[in-house]
Amino acid sequence: MRDEQALKMIAESPLIAPSDGYRNSSYVSDYDEYMKKYNESITNPEGFWNAIADELTWTERSSTVMTGEMPDFKFFPDSFLNVCENCVDRHALNPDRKNKVALYFEGEEGNRRTLTYGQLYREVQRFANVLKGFGLVKGDVVSVYMPNLPETYVVLLACLRLGIIYNTVFAGFSAEALRERIVSSNAKAVVCSNASYRRGRVLRLKDTVDEALQGETPVQNVIVFSRIPHEPTPMKEGRDYDYGELMAKAASVCPPEKLEANAPGLLIFTSGTSGKPKGIVHAGGGFLLGTYAYTKYQLDIQPADVYWNTADIGWLTSHIFVLVGGLALGVTTVLYDGAVDYPHTGRVYEVMERYQVNKLFSAPTAFRMLMKYGTEVSQRYDLSALQLLVSVGEPLNPEAWNWLYHDLGKGKVVINNTWGQTETGGTPLASLPGAVSMKPGSCGVPFFGHHLDVVDKDGSSVADGEAGYLIIRNVFPSLARDVFGDRQRYITAYFSQMPGVYFTGDSAVRDKDGQFWVLGRVDDVINVSGHRISTMEMESSLIQHGAVVEAAVVSQPDEIKGWVPIAFVTLDKTVTASSELEQELKDKIVDDIGSFARPHRMHFVDSMPKTRSGKIIRRMLREIIQEGTVKGDVTGLEDSEILDKLISDIHKES
Ligand code: PRX
């Protein structure tokens, strides 16, 4: 959309206050209190992070809170703590909390299990001893190739207990992608599940691991958890070991290692726009401090909450808001393995009803999918416990927001659209659900201790209500500390565009009420004949049409106009593509936005290339139309088979 239109929409967006009931039970219950605390946290960040640190368990704590500047900074240097001890031991050793449920596990196929903090404590110690038995020590890297299982949590927490740097690799990645991550992180061991379910299909993960490990690799051992016991799983003598057998023999006590707060804790690869994926390194202690604070205040976690985050463990969101942030707060969570709309469209609600989930965290795409399935489905279930809906990862368009608020939430829920990146290790922008009024589509306000700004290309702040580059002016504990093995790439990617600030690569607007609106990646804005058009706005327009299930808009260079928009549309199964429908959809965009936004071409496709967290990978669509094929990194795809079909569909049409 043109700047003026986007800005007008933002300027006119209504403020919707949370209900009094919610407000009164929140940690921060009004806006003035938020502003006061925020201003204090910016003038005195040491004070804010020190108070957060007071809520955690330390082995040894010095008086220095922070040192250095971007990109070389530290939080609590020469202080020692253990992330696992904070997430598990301090609940398990508390008589009031040891029998509290940590995880309600549910698999797509209907398998259910419950794990209390006390049980988690026992399992984690045993697995830490298993890791020790293989000679793994502090600073080693272990690759974890597992879906959302209680055992995945046990493995990751055991790594954190010993200071072993874990690297979760999304279990939908191909052998090639897994191999690349194993080799570039110099992983000494792999922990995997023998198989997994996805929409009723069995995915044979151990086969993928075997393929990834062909030839020379740094891996000496593979530990295999039998997720589907009847699935034949060939084991390589002397290299591969069964998780269950190892656990049965392992000693039950393993004290947590004393770890410096800035020592690397975890490693997660994220795709750049091109080239090799970057191994983002987070400090263990820094990640704990940040995620504890985000989860506490932005999700407003309370002792009685039953909270479900649908994100896959291969995506950092689960580590931020469940594995570390959530467990550090001692919350009860639902852990689900599989597709949330399988075997039927009401599956997500069925699970919510069973555990009386009061806080649900998911991706905007998943919320839009629920919207398409309709309120008829959600109404069949008892969702009366629901209080808070949270999203991250991509724009939450106002239509989806309104459906969530009015239809699913019956006007009683709080919606929190948060903004964050793998690199920020959390969500520097979000609402504080009890204190900040909502605006449909905005990403809320800066979190305590985070100085965000919107600037022009010279780094000067733009006026409120104007679009610019989103930057962060100060350091915070969960900001990535390095790109594994490539310090220069870390500095170039994030700190070279503007001196002294972290460059997010996103464009944004801060409105007159201090709320931020993230418009998209800097490269997602299309400039057609001098008109800046937000792809989000075009997609929103398409999605409003009853025939459309999903839409993505990318740009293609054009001799005359600079760039032209190309739309990709997935239609409802009951609708057939036709030139009339194409015309109708193009006209709708023209009506909603303006004639300059009329898509140059529209492709009807069966499905979109997506990450497992449900985000459409627009870069791949752009490469297909611009290059005829996908040349960049394809390792983030949920379903790698989709590309060939997509390329042939698109070329058939064009
Ligand atoms: O462009 C922004 C978009 O997602 C990017 C970060 O992606 P990823 O690292 O996969 O996210 C991990 C989340 C912890 C950002 O640069 N993004 C994220 N949240 C939003 C968003 N775009 C618009 N609105 C959001 N709420």
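Bear in mind that the values in this text are calculations on the coordinates, not laboratory data. Since the structure is predicted, the reported quantities are computational estimates derived from the model, not experimental observations. Note that each Cβ is placed from the backbone with ideal geometry, even for glycine, and that neighbours are counted across all protein chains shown.
Pairs of Cα atoms under 8 Å, at least six residues apart: use those to get the relative contact order of the chain, whole percent. Walk me through the intermediate numbers first.
Details: 1377 pairs, mean separation 94.0, N = 654.
Answer for the chain is 14 percent.
Looking at the P(r) of the range 74-127, how many percent of alpha-carbon pairs lie beyond 15 Å? Kindly include the intermediate steps, with their values, before the conclusion.
On the way: 811 of 1431 pairs.
Cα-Cα pairs of the range 74-127 separated by over 15 Å account for 57 percent.
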State log₁₀ I(q)/I(0) for the range 9-132 at q = 0.11, 0.14, 0.20, 0.21 Å⁻¹ as given by the Debye formula over alpha-carbon point scatterers of equal weight, solvent excluded.
-0.73, -1.00, -1.12, -1.14
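For the range 575-634, would you read off the P(r) tail past 14 Å as a percentage of all alpha carbon pairs? Write down the numbers at each step before the final one.
Numbers: 1172 of 1770 pairs.
Beyond 14 Å sits 66 percent of the P(r) for the range 575-634.
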All-pairs Cα distance distribution in the range 529-653, expressed in whole percent, bin size 10 Å
13, 46, 35, 7
Going by amide H atoms built from the backbone, whose H comes under 5 Å of the H on Leu266, apart from near neighbours?
His282, Gly284
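Can you tell me how the range 411-477 classifies by the Cα gyration tensor, rounded, prolate or oblate, using a/c under 1.5 as the rounded cut? Walk me through the intermediate numbers first.
Numbers: a/c = 2.35, a/b = 1.46, b/c = 1.61.
It comes out oblate by the Cα gyration axes.
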Cα-based reach from Lys588 at 19 Å (exclusive), listing lysines while leaving out same-chain residues under 8 positions away
Lys372
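When averaged across all projection directions, what area in nm² does the alpha-carbon convex hull of the range 219-321 cover?
On the way: hull surface 44.8 nm².
Mean projected area for the range 219-321: 11.2 nm², to one decimal.
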Expected vector for the range 82-90, Karplus 3J(HN,Hα) from phi with 6.51, -1.76, 1.60 and θ = phi - 60°, integer Hz, x for Gly and Pro, equals 10, 5, 4, 4, 5, 8, 10, 4, 5
From the backbone phi of the range 152-159, what are the Karplus-calculated ³J(HN,Hα) couplings (6.51 cos²θ - 1.76 cosθ + 1.60, θ = phi - 60°) in whole Hz, Gly and Pro given as x?
4, 4, 4, 4, 5, 5, 5, 4
Order 109-116, 583-590 from most to least packed using the mean count of other Cβ atoms within 10 Å.
583-590, 109-116
With point charges of +1 on the Cβ of Lys and Arg and -1 on the Cβ of Asp and Glu, referenced to the Cα centre of the range 151-296, which listed residue (Tyr294, Cys192, Tyr243) lies farthest in the positive direction of the dipole?
Tyr294
Part-to-part distance (alpha-carbon centres) for the range 457-484 and the range 571-615, which is given in Å
33 Å
Mind checking the dipole of the chain: about its Cα centre, +1 per Lys or Arg Cβ, -1 per Asp or Glu Cβ, Debye to the nearest 20?
1280 debye
Inverse of mean 1/r across different Cα pairs in the range 130-228, Kirkwood, Å
13.4 Å
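Report the charge-dipole magnitude of the range 250-387 in Debye, nearest 20, computed about the Cα centre from +1 at each Lys and Arg Cβ and -1 at each Asp and Glu Cβ.
Working: 10 positive and 11 negative charges, 69 e Å.
That gives a dipole near 320 debye.
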Per-residue ³J(HN,Hα) for the range 44-55, Karplus 6.51 cos²θ - 1.76 cosθ + 1.60, θ = phi - 60°, Hz, x for Gly and Pro
9, x, 4, x, 5, 5, 5, 5, 5, 4, 4, 8
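Of Ile313, Ile625, Ile491, how do they rank once you tally other Cβ atoms within 10 Å and put the fewest first? Mind showing how you got there, number by number?
Working: Ile313 26, Ile625 21, Ile491 15.
Fewest-to-most ranking of Ile313, Ile625, Ile491: Ile491, Ile625, Ile313.
What translational diffusion coefficient, in µm²/s and rounded to a whole number, does the Stokes-Einstein relation yield for the chain at 4 °C and a viscosity of 1.567 mPa s, taking the hydrodynamic radius as the Kirkwood radius over Cα pairs?
On the way: Rh = 25.3 Å.
Value of D from the Cα-based Kirkwood radius: 51 µm²/s.
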Cα-centred dipole magnitude for the range 529-653, charges only on beta-carbon of K, R (+1) and D, E (-1), debye, nearest 20:
340 debye
Counting only residues 5 or more apart in sequence or on a different chain, those whose built amide H sits under 5 Å from that of Gly520 are Ser507
Go through Thr217, Gly444, Ile650 and say which Cα lies farthest out towards the positive end of the charge dipole of the chain; charges sit on Cβ, +1 for Lys and Arg, -1 for Asp and Glu.
Thr217
Long-range amide H contacts for Leu396: which residues qualify at under 5 Å (H placed 1.01 Å from N, peptide plane, sequence gap of 5 or more or a different chain)?
none
When only DSSP loop residues count, what GluC sites (Glu not before Pro) in the range 213-318 have their Cβ near at most 13 other Cβ atoms within 10 Å?
Glu216, Glu237
Across Lys296/Lys610; Lys412/Lys586; Lys188/Lys258; Lys278/Lys359, pairs whose alpha-carbon gap is larger than 25 Å
Lys296/Lys610; Lys412/Lys586; Lys278/Lys359
